[in-house]
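Chemist: Here you go, one structure.
The values are calculated or read from the model by the stated rules, or taken from the named source; none is laboratory data. Not measured: the values here are computed from a predicted model. Quick reminder, even Gly has a Cβ in these numbers, built from the backbone with ideal geometry, and neighbours come from all protein chains shown. SASA here: full protein model, heavy atoms, side chains in, ligands and nucleic acids out. Shrake-Rupley method; radii C 1.70, N 1.55, O 1.52, S 1.80 Å.
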Protein chains: 2
Amino acid sequence: MKRLSDTTIAAPATGHGGAISVIRISGSDTFRIISLIFVPALDCDIMKEGGYRVHYGQVLHNGEFIDDVIVTLFRAPASYTGEDAAEINHHASPYIQQRMMELLIDNGAAAAMPGEFTMRAFINGKMDLSQAEAVADIIAADSEAAHRLASTQLRGGFSREIEKLRKELVSFASLIELELDFSEEDVQFADRYAMTGTVIKIKDLVDGLVASFRLGNAIKKGIPVVIAGRPNVGKSSLLNALLSEERAIVSDIPGTTRDTIEEVLHVGGLLFRFIDTAGLRDSDDKVELLGIERTVKQLEASEIVLAVTEATDSAREMAAFAGSVAAMVSGSGTKIILVINKSDKISDNTAGHLEETVAELTGIPVVALSATLPSGIDKLKESLTASVETGRLDNPQYIVTNARHYEALRSVSESLQRVLDGFRDGIPTVLIATDVRQAIYYLGLITGRITPEDILGEIFANFCIGK
Amino acid sequence: MKRLSDTTIAAPATGHGGAISVIRISGSDTFRIISLIFVPALDCDIMKEGGYRVHYGQVLHNGEFIDDVIVTLFRAPASYTGEDAAEINHHASPYIQQRMMELLIDNGAAAAMPGEFTMRAFINGKMDLSQAEAVADIIAADSEAAHRLASTQLRGGFSREIEKLRKELVSFASLIELELDFSEEDVQFADRYAMTGTVIKIKDLVDGLVASFRLGNAIKKGIPVVIAGRPNVGKSSLLNALLSEERAIVSDIPGTTRDTIEEVLHVGGLLFRFIDTAGLRDSDDKVELLGIERTVKQLEASEIVLAVTEATDSAREMAAFAGSVAAMVSGSGTKIILVINKSDKISDNTAGHLEETVAELTGIPVVALSATLPSGIDKLKESLTASVETGRLDNPQYIVTNARHYEALRSVSESLQRVLDGFRDGIPTVLIATDVRQAIYYLGLITGRITPEDILGEIFANFCIGK
């Protein structure tokens, strides 16, 4: 991934199709290359003035017309990458895009690698590593909640929290290091009891962040929901009823690719993702169903299980079913909602009574509905959003969405645990200092204060080209 | 399609995916709408100065962050549409795009209909109708030749030719109309003989354009090629050999969608499109093959037939096969290339001799090759491009690529034929004048001097949204 920073790079930045496309160029040679392919000639003053001007003209290749374009020049450091940069806005034809790229490369540009523009932005100090990662996340975000988390990270809110923790650890470390300087004298400057309190406080914050990853990751990728229940209780029609309205909303939004993704549902700014659990859905035998390990894993991995029963079942049967599902997911943090389907088969009174009884028996949310009754579907949607701790979204800077950050924070937590163990066991300060340094190192990985080269390569390889 | 021109319209202008997306806005309310959703505030001077400035900032909705964007303002008439216009360059997320569009619409913009930006450009006199149509063509162009034809049309070369013809017809018409003014006196001002000469000259030019449509349309859509021959002569391996090299070239070009299109080949800036002729390929019985009407139609509709024989056939058999294909396509303008496949089975000398003999017998180009010999494949490619009158591409303004223009020019030609018939039969000048006016009317349709409303609707409905 590493490349001399004096290379000028170019890549298409927009997707396929549409009316116009954009090619992005960045590097010290940008203006020279543009001047070679663009007419009318941009005079030196404009090139020097540079930043934030658009120019209408033609791109020519040996006098041959390639396209009418709009060129925007960005002068370093006032650009995305922090380098001299340009965007060529041309007609959205793959043929023209190809000719443009050939022309740029012939004139000295190199085809950009995935994420190379954003990597340069990071290297040139335009954003920290966690913000750079948020660029990919904000592009991928497909719900209000996911967008909000990515926005907070992009704008540096998350980085500031990490930096705050890091500073607390650094000032703690300085106390420890001070002790080390005088270690021959076997002095303990700081009160071990107060120190333990400080570490516990920091570790609690870190552990809170670690714990938030389950929610953050679910929001980022869509909250996984499994619909469980014996055959013919109406799981498919329930899913269809949930999705049908959504599909209608989605279909008239231009530019969404939603229609290719099956079985996702937006409620209250959250994206719910219905996982296909063939094993659960098709099994005729409840015992067999309970025994299938794969099914258990799917249930545990889901954020929510909709346990579907029929209105003609007894309250006791419903509670038993809910109980068996609860047993499967116990300890995993998975929420259960009991759905009494086909409630149109019984009276509203009976349905209301059933809801109450089963809720009392099981202590979990119960929704009586039928796939044809919108009111029941609305109630279920409310129950779905209520199962997600949306309250925590009020402080999105405290939610981890990135697996790399999660790993780093876990390492921080482990290092801090070793520090606490060390205090308890009276381990020499020199060993404790190592663990403290390690905790600081792992926190630094998140924002990119410390950036082993292979980490950079890995992060940006997941970007799309042109970003 | 019609809409009050004081509506401000907005639409995503780039395709799906990628790193950035562009939303286009046009109309008198553009700057006001931008000022409502964009921070930092754009002061009045900037708004007035307007054109050709980019602004970095955020789009907010009730204080909630939507995205970091770059906004480019274009002040009327210096914009694509000729109206006040803007482009919002945002992160390529369908969610953000949707929020942006909602925000723009909430603030008074209307979602643009397909082609509405270009239609406004036409209505505001930024381009004529043929140029507007070329915008769609240049986006769709996927070969050098198709791009060249669309470029010439976009830049007005074709329009100028049509306008030249129109002017000649108008000055001719003025002579006729002059006669009409004095018709009671039964005067013939102009020499009928000279007039006939003028009309013949104009009609020849029009007929030349009409005839060019076959080539123009083939270049625009890809030149249709049929591979014919009895089973097992190696048609598939020949096709694969033709395509394999091409595929390798295509695969490392970013942004091409070529891989989803089966069986197309770029040679010498031309796109050849291999038509699936199952009937031809699969038939075991040559007689049956010859008798299939559908096959004949496919052959006639193709620009080129590769008539494939085996090196072990006799020269006489080859000539006979070429003759039967020629009989099928006679009068259609379809070219034939005789391919002697599996030439590795005979010596180079024998192959060379066969080529000569069969070429003499048939008078059509003959290429001896084997699917594994690159030299033979290269020779076939040369022969393919030679079959297309590429010389005519030196004057792309004389080539019609658009079916609507073709129809109009045919009507012009028919009207002019009636004028000639009228002269010959001594028809009264008043009737001749009608036909001349009709010819002028049809020419005017091409560039949009005359624009019945339904024509506009039809043309722009075929555009993509955002163009």
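Chemist: Using unit Cβ charges (K, R positive; D, E negative) and no other charged atoms, how large, in debye to the nearest 20, is the dipole of chain B about its Cα centre?
Modeler: Details: 45 positive and 65 negative charges, 51 e Å.
Charge dipole, chain B, about its Cα centre: 240 debye, nearest 20.
Chemist: Related question: At a probe radius of 1.4 Å, figure out the A/B buried accessible area, summed over both chains, and give it in Å² to the nearest 100.
Modeler: Details: alone 22290 and 22260 Å², together 39810 Å².
Summing both chains' loss of accessible area gives about 4700 Å².
Chemist: With every protein chain left in place, what is the accessible area per residue of region A:9-127 in square angstrom, probe 1.4 Å? Walk me through the numbers on the way to the answer.
Modeler: On the way: 3910 Å² over 119 residues.
In whole numbers, region A:9-127 has 33 Å² accessible per residue.
Chemist: Using only Cα atoms, figure out Rg for region B:363-467 and give it as a multiple of 2.2 N^0.38 Å.
Modeler: On the way: Rg = 22.3 Å, N = 105, 2.2 N^0.38 = 12.9 Å.
Here the Cα radius of gyration is 1.73 times the empirical estimate.
Chemist: Right, here's the next one. So how do B:88-96, A:71-79 stack up, highest first, on mean other-Cβ count within 10 Å? Kindly include the intermediate steps, with their values, before the conclusion.
Modeler: Numbers: B:88-96: 24.8, A:71-79: 20.4.
With the highest mean Cβ count within 10 Å placed first, the list reads B:88-96, A:71-79.
Chemist: Rg and Dmax of the protein assembly as shown over Cα atoms: what are they, in angstrom?
Modeler: Rg and Dmax of the protein assembly as shown, Cα atoms, are 35.9, 132 Å.
Chemist: Which entries of B:LYS126/B:LYS467; B:LYS126/B:LYS221; B:LYS297/B:LYS335; A:LYS342/A:LYS381 have Cα-Cα distances beyond 21 Å here? Each step should come with its number before you reach the end.
Modeler: Working: B:LYS126/B:LYS467 14 Å; B:LYS126/B:LYS221 27 Å; B:LYS297/B:LYS335 14 Å; A:LYS342/A:LYS381 17 Å.
Beyond 21 Å: B:LYS126/B:LYS221.
Chemist: Taking the dipole about the Cα centre of region A:47-146, with the C-beta of Lys and Arg at +1 and of Asp and Glu at -1, give me whichever of A:ALA136, A:ALA112, A:SER79 is farthest to the positive side.
Modeler: A:SER79
Chemist: Per q in 0.20, 0.26, 0.27 1/Å, what log10 I(q)/I(0) does a Debye calculation on the alpha-carbon atoms of region B:389-443 return?
Modeler: Calculated log10 I(q)/I(0) at the listed q: -0.72, -0.92, -0.96.
Chemist: Using a 1.4 Å probe, how large is the accessible area of A:VAL39, given in Å² and rounded to the nearest 10?
Modeler: Surface open to solvent at A:VAL39 totals about 60 Å².
Chemist: Specify whether the C-alpha gyration tensor of region A:96-160 places it in the rounded, prolate or oblate class, a ≥ b ≥ c being the square roots of the eigenvalues: rounded for a/c under 1.5, otherwise prolate if a/b is larger than b/c and oblate if not. Spell out each step's value before the answer.
Modeler: On the way: a/c = 4.90, a/b = 1.93, b/c = 2.54.
The shape class here is oblate.
Chemist: Could you let me know the centre-to-centre spacing of region A:66-90 and region B:210-247, using Cα atoms, in angstrom?
Modeler: So the separation of the two Cα centres works out to 40 Å.
Chemist: Counting only other chains, what is the mean number of Cβ atoms within 10 angstrom of the Cβ of each residue in peptide B:82-94?
Modeler: On the way: counts 0, 0, 0, 0, 0, 6, 0, 6, 2, 11, 11, 10, 11.
Mean partner-chain Cβ count within 10 Å for B:82-94: 4.
Chemist: Just to make sure I understand: if all protein chains stay in place, what is the order of A:ARG99, B:ARG155 by accessible area at 1.4 Å, largest first? Working shown, then result.
Modeler: Details: A:ARG99 30, B:ARG155 115 Å².
Heavy-atom accessible area, descending, gives B:ARG155, A:ARG99.
Chemist: When N counts the residues of region A:9-127, how does its alpha-carbon radius of gyration compare numerically with 2.2 N^0.38 Å, as a ratio? Intermediate values should be presented prior to the final figure.
Modeler: Details: Rg = 13.4 Å, N = 119, 2.2 N^0.38 = 13.5 Å.
Ratio of Rg to 2.2 N^0.38 Å for region A:9-127: 0.99.
Chemist: Next question, about the same structure. Just the Kirkwood number for region A:72-181, please: inverse of mean 1/r across all distinct Cα pairs, in Å, one decimal.
Modeler: Numbers: mean 1/r = 0.0581 Å⁻¹.
Value: 17.2 Å, from the Cα pair sum.
Chemist: Still on this structure: Enumerate the amide H contacts of B:ALA13 below 5 Å, restricted to partners 5 or more residues apart or on another chain; note that Pro and chain-start residues carry no placed amide H.
Modeler: B:VAL22, B:ILE23, B:ARG24
Chemist: Calculate the radius of gyration of the Cα atoms of region B:345-419 to one decimal place, then report Dmax, the largest Cα-Cα distance, as a whole number, both in Å.
Modeler: 20.4, 62
Chemist: Hey, another quick one. Relative to the compact globular guide of 2.2 N^0.38 Å, what is the alpha carbon radius of gyration of chain A, as a ratio?
Modeler: Details: Rg = 28.5 Å, N = 467, 2.2 N^0.38 = 22.7 Å.
With N residues counted in chain A, Rg over 2.2 N^0.38 Å equals 1.26.
Chemist: Cα centroid distance between region B:108-139 and region A:433-461, in Å?
Modeler: With region B:108-139 and region A:433-461 each reduced to a Cα centre, they are spaced 52 Å.
Chemist: A follow-up question, please. Over chain A, with every protein chain in place, what whole percent of the accessible area is carbon and sulfur at 1.4 Å, could you tell me? Walk me through the intermediate numbers first.
Modeler: Details: 10530 of 19930 Å².
Answer for chain A: carbon and sulfur cover 53 percent of the accessible area.
Chemist: Among the lysines, which fall within straight-line cross-link reach of A:LYS201, defined as a Cα-Cα distance under 21 Å, with same-chain neighbours fewer than 8 residues apart omitted?
Modeler: Counting by Cα, and skipping residues close in sequence, A:LYS201 has these lysines nearby: A:LYS164, A:LYS167.
Chemist: For region B:329-388, what class follows from the C-alpha gyration tensor (a ≥ b ≥ c being the square roots of its eigenvalues): rounded when a/c is under 1.5, otherwise prolate if a/b is larger than b/c, else oblate? Present the calculation step by step, with values, prior to reporting the outcome.
Modeler: On the way: a/c = 2.54, a/b = 1.49, b/c = 1.70.
Oblate, because a/c is 1.5 or more while a/b does not exceed b/c.
Chemist: Shielding of B:55-66 by partners, i.e. mean partner chain Cβ atoms within 10 Å per residue? Provide the component values of the computation, followed by the final result.
Modeler: On the way: counts 1, 6, 0, 2, 0, 0, 0, 0, 0, 4, 6, 2.
Partner Cβ neighbours, averaged per residue: 2.
Chemist: So how much accessible area does A:TYR52 have, in Å² to the nearest 10, using a 1.4 Å probe?
Modeler: Probe radius 1.4 Å; accessible area of A:TYR52 about 60 Å².
Chemist: Let me ask you something else. Mind listing the label-point distances from A:ALA403 to the same position on all other copies, shortest first, one decimal in nm, points 7 Å along Cα→Cβ?
Modeler: Label-point separations across copies, in nm and ascending: 4.9.
Chemist: Kindly sort A:SER411, A:SER302 by accessible area of their heavy atoms, largest first, with the probe set to 1.4 Å. Mind showing how you got there, number by number?
Modeler: Values: A:SER411 30, A:SER302 0 Å².
Output order, biggest surface exposure first: A:SER411, A:SER302.
Chemist: Now for a different question. Given the rule -39500 (n - 2.57) for each run of at least 4 DSSP H residues, summed and divided by the residues of chain B, what is its mean residue ellipticity at 222 nm, to the nearest 500 deg cm²/dmol?
Modeler: Working: 18 runs with 245 residues, N = 467.
Using -39500 (n - 2.57) per qualifying helix, the result is -17000 deg cm²/dmol.
Chemist: Which order do peptides A:440-450, B:443-453 fall in by mean Cβ count within 10 Å, highest first?
Modeler: Details: A:440-450: 20.8, B:443-453: 18.5.
Final packing ranking: A:440-450, B:443-453.
Chemist: Peptide B:18-31: average number of partner chain Cβ atoms within 10 Å per residue? Could the numbers behind the result be given before it?
Modeler: Numbers: counts 15, 20, 10, 7, 10, 1, 2, 0, 0, 0, 0, 0, 0, 0.
Mean inter-chain Cβ contacts per residue within 10 Å come to 5.
Chemist: Treating only the Cα positions of region B:48-96 as identical point scatterers, give the base-10 log of I(q)/I(0) from the Debye formula at each q in 0.18, 0.19, 0.21, 0.22 Å⁻¹.
Modeler: Ignoring solvent entirely, the Cα scatterers give -0.62, -0.67, -0.76, -0.80.
Chemist: I want the local charge near B:LEU354. Using Cβ-Cβ distances under 12 Å, sum +1 for each Lys or Arg and -1 for each Asp or Glu among the other residues. Mind showing how you got there, number by number?
Modeler: On the way: positive: B:ARG316, B:LYS342, B:LYS345; negative: B:GLU310, B:ASP313, B:GLU317, B:ASP348, B:GLU355, B:GLU356, B:GLU360.
Taking every Cβ under 12 Å from that of B:LEU354, the sum is -4.
Chemist: Order the peptides B:7-18, A:58-69 from the highest to the lowest mean number of other Cβ atoms within 10 Å of their residues.
Modeler: Numbers: B:7-18: 23.6, A:58-69: 15.8.
Order by mean packing, descending: B:7-18, A:58-69.
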